[in-house]
Amino acid sequence: MKYCSTCGEANPDNARFCTKCGYEMTSEPAPQPAPATTPKKPSPPYDQMPATYLWQSIVVTILCCLPLGIPAIVYAAQVEKYFMNGNIDAAYRASRNAKNFTIASLVTALIIYIPYTIYLIYIIGAATSSSPLLPLFE
Amino acid sequence: MRPGLLTSKPNRWKVLAIAIGVVVGAGLFYVFNPAEIPFPPCPFYKLTGFQCPGCGTQRALHSLLHGEWEEAFLYNPILIPALALIALLLYLNSFDGKKRFPTIHRILSGSAFIWGMLAVIILYWIGRNAYRFFLE
């Protein structure tokens, strides 16, 4: 099987003239027929979907008292939708944003709570052992 | 290859860190009663005067660890279902749950479920503040 260099028609190997357009067959390789349409990018298998970080975002929303977990849940909700539509990069971006918001709210909580807790422990300790530094906190 | 939802393996150190966090947290909230000792207050409540979806969780945890289900429910009614969901998601994500129950894992990772859950949390957020202002 060889292809006409003029019109691309398939011809028998021994043909001298193209059966479709009549031009003389040359020994040049046939031009690659251009793909009609770009095929839709298929979704990769489901087990490659990025993580949603859902339990982490529920923890920071309900278990530590900061509503910063809400945007984390919003991003978690977008992961599957993007992935199923074949928008893999957007799915990974949503996954990363969900992760970052859970970390951000956890860090914010620690920045607020750790100094408070240390202060509290000091107050309780000072009250029970009558520390000489106690008047500083009154 | 970027690690995917099911291809990423549970990290032993991560599981250990979660376990230590749960035990230490439970111990703290078992021993101390946040209703008596001034535990760190909710910054959102301090700033706005409105309760957030997590307000009352510390007192509710203390009650729950002492087996007082009713008190836990009154402090924060969403805590018990939230803890159940967190435990289920932890099992599905960090242990072998996603291999044994792929359908449940898939539903709980889906956009429909998460949007629904967010709607429940936001309605609860509005509802508990409305309840305090109009009915109490």
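For this structure, a couple of remarks:
- Put simply, of A:Thr108, A:Thr19 the only residue that is in a helix (DSSP H, G or I), among the polar types (S, T, N, Q), modelled with pLDDT of 75 or more and open to solvent by 40 Å² or more (accessible area, probe 1.4 Å) is A:Thr108.
- The criterion of being open to solvent by less than 50 Å² (accessible area, probe 1.4 Å) and within 18 Å of A:Tyr53 (Cα to Cα) does not hold for B:Ser63.
- Per-region count, the stretch A:85-99, residues assigned to a helix (DSSP H, G or I), closer than 19 Å to A:Val74 by Cβ and open to solvent by less than 80 Å² (accessible area, probe 1.4 Å): 7
- Set side by side, the residues A:Val79, A:Val60, A:Val74 differ, and just one is surrounded by fewer than 20 Cβ atoms within 10 Å (Cβ to Cβ) and β-branched (Val, Ile, Thr), which is A:Val74.
The values are calculated or read from the model by the stated rules, or taken from the named source; none is laboratory data. From a predicted model like this one, the values you see are computed outputs, not experimental measurements. FYI the Cβ positions are ideal-geometry reconstructions off the backbone, even for glycines, and counts take in every protein chain you see. Accessible surface is based on the protein model in full, side chains and every heavy atom, while ligands, DNA and RNA are left aside. Shrake-Rupley method; radii C 1.70, N 1.55, O 1.52, S 1.80 Å.
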